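Remarks on the structure that follows.
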Amino acid sequence: MKLSKSSAASLQRPSSEHSTPRVSRAAADSLLRHTVKGLLARLEDLAADFAILLFRALLHTFLLWRVELRNEEALKSSLGKSALLVANHTSHLDFIVLNALFKQRYGANITFLAKKELGESWLWRLLIRYGNSIPVDREKFGIGTLRAMKGVLSSGGFLGMFPEGTRSVDGRLGPIKPGLEFLLRLHPNLVVVPCGLIGFREAWPKGGLLRLLLPIRHRLVVSVGHPQCCPDAQSTTAFARQVMAEVATLTDQPAPVFEGEDNRKSRLVGGA
């Protein structure tokens, strides 16, 4: 039986129901961008994982040979409690070494309050992956920050705070920002552990990354004070001054002044 020309042509043409759908140029571009973005994110994750492994290996040697921990029992006795470690701030090493100390010696974490702008730096994004931090708006504590702090403390975690808010250039305690007192008002039963950091600025001063890379053996001291809570009869303002006075004693310095005493506008926390 012969088929008509029209019937033969219809058999040769693919059915529209089974034909491959055409992808628009915009959809193809969007798919490509999404794929490339995912690939770059994965490469960044792999690079971060490798950097953190290297970082941990370096810190293991670093801690083993260079850090002296004084009054360790005071720190160990506060593990597993809702506690706040309060320290002076002279170097990026403060955050790094304290994180490594908690992880490698005690298998614990310490979560630091850090200015949100640090997330804009690729180096700090790696460091934050190694440690733990809560981004903070330097003008005010947002709801997200407050919830994150509450989550750490409610689980018996350790918060870390540098009340000066920024690294000291000369090593001396700078003005104390209102963030410490504000945090004590929110959590009046918090266990506070004063901590004095000595020798960190000499190893890695503000704006002096190259000094860290020099083959110089620095002596770093982490001096831990007595864990304490705010007594019911004492105001949080007086307690905050008491804590910072002990930090000053641990670093052999005079007690610092508190920002806002001269009625100037001050930030809750500062930068790094």
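Please find, among GLY119, GLY165, the residue that is at positive phi and touching a residue at least 12 places away in the same chain (Cβ under 8 Å). Going through GLY119, GLY165 in turn, just one is at positive phi and touching a residue at least 12 places away in the same chain (Cβ under 8 Å): GLY165.
Just to verify a result, which residue in the range 183-220, among those that are surrounded by fewer than 16 Cβ atoms within 10 Å (Cβ to Cβ) and touching a residue at least 24 places away in the same chain (Cβ under 8 Å), is farthest from ALA148 (Cα to Cα)? Looking at the filtered set, the residue picked out is ARG217. Taken over the range 221-236, the criterion of being surrounded by 14 or more Cβ atoms within 10 Å (Cβ to Cβ) and touching a residue at least 40 places away in the same chain (Cβ under 8 Å) is satisfied by VAL221, VAL222, SER223, VAL224, GLY225, PRO227, CYS229, CYS230, THR236.
Tell me, please, whether a residue that is over 30 Å from SER235 (Cα atoms), among the basic types (Lys, Arg), modelled with pLDDT under 85 and surrounded by 15 or more Cβ atoms within 10 Å (Cβ to Cβ) can be found in the range 95-108. Full working, then the answer.
Of all residues in the range 95-108, those over 30 Å from SER235 (Cα atoms) come to 96-97, 99-108.
Narrowing further to those that are among the basic types (Lys, Arg): 103, 105.
If we keep only those that are modelled with pLDDT under 85 too, we end up with 103.
Still in the running and surrounded by 15 or more Cβ atoms within 10 Å (Cβ to Cβ): 103.
Yes: the range 95-108 contains one or more residues that are over 30 Å from SER235 (Cα atoms), among the basic types (Lys, Arg), modelled with pLDDT under 85 and surrounded by 15 or more Cβ atoms within 10 Å (Cβ to Cβ).
Residues that are in contact with a Lys or Arg (Cβ under 9 Å, 6 or more places away or on another chain) and part of a helix (DSSP H, G or I) do occur in the range 118-126. Residues that are surrounded by fewer than 19 Cβ atoms within 10 Å (Cβ to Cβ), among the charged types (D, E, K, R) and farther than 23 Å from LEU93 by Cα within the range 143-182 comprise ARG147, LYS150, listed in sequence order. For the range 134-169, a tally of residues being assigned to a strand (DSSP E or B) and under 19 Å from VAL192 (Cβ atoms) returns 6. Spot the failing condition for LEU173; the list is (1) at pLDDT 90 or above; (2) in a helix (DSSP H, G or I), and only one is missed. With (1) at pLDDT 90 or above; (2) in a helix (DSSP H, G or I) applied to LEU173, the lone miss is (2). When the residues of the range 249-272 are narrowed to those that are within 18 Å of SER91 (Cα to Cα) and surrounded by fewer than 18 Cβ atoms within 10 Å (Cβ to Cβ), which ends up modelled with the lowest pLDDT? Here the answer is GLY271. Looking at the range 129-137, can you tell me whether even one residue there is surrounded by fewer than 17 Cβ atoms within 10 Å (Cβ to Cβ) and either closer than 26 Å to ALA74 by Cβ or over 13 Å from the mean Cα position of the chain (by Cα) (or both)? Taking every residue of the range 129-137 in turn, at least one turns out to be surrounded by fewer than 17 Cβ atoms within 10 Å (Cβ to Cβ) and either closer than 26 Å to ALA74 by Cβ or over 13 Å from the mean Cα position of the chain (by Cα) (or both). Can we say ARG129 is in contact with a helix residue (DSSP H, G or I) (Cβ under 6 Å, 6 or more places away or on another chain), at pLDDT 90 or above and over 25 Å from VAL221 (Cβ atoms)? No; evaluated as a whole, the condition is false for this residue.
Each row is one residue, and each column tells you yes or no for (1) in a loop (DSSP other than H, G, I, E, B); (2) modelled with pLDDT of 75 or more; (3) under 29 Å from LEU173 (Cα atoms).
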residue: LEU3; (1), (2), (3): yes, no, no
residue: ALA8; (1), (2), (3): no, no, no
residue: ASP29; (1), (2), (3): no, yes, no
residue: LEU40; (1), (2), (3): no, yes, no
residue: PHE50; (1), (2), (3): no, no, no
residue: LEU75; (1), (2), (3): no, yes, yes
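Scanning the range 109-128 for residues that are surrounded by 22 or more Cβ atoms within 10 Å (Cβ to Cβ) and in contact with a Pro (Cβ under 7 Å, 6 or more places away or on another chain) yields one hit, ALA114.
The values are calculated or read from the model by the stated rules, or taken from the named source; none is laboratory data. Please read these numbers as outputs of a predicted model, since none were measured by experiment. For neighbour counting, all protein chains shown are included, and Cβ atoms are generated from backbone atoms with ideal geometry for every residue, glycine included.
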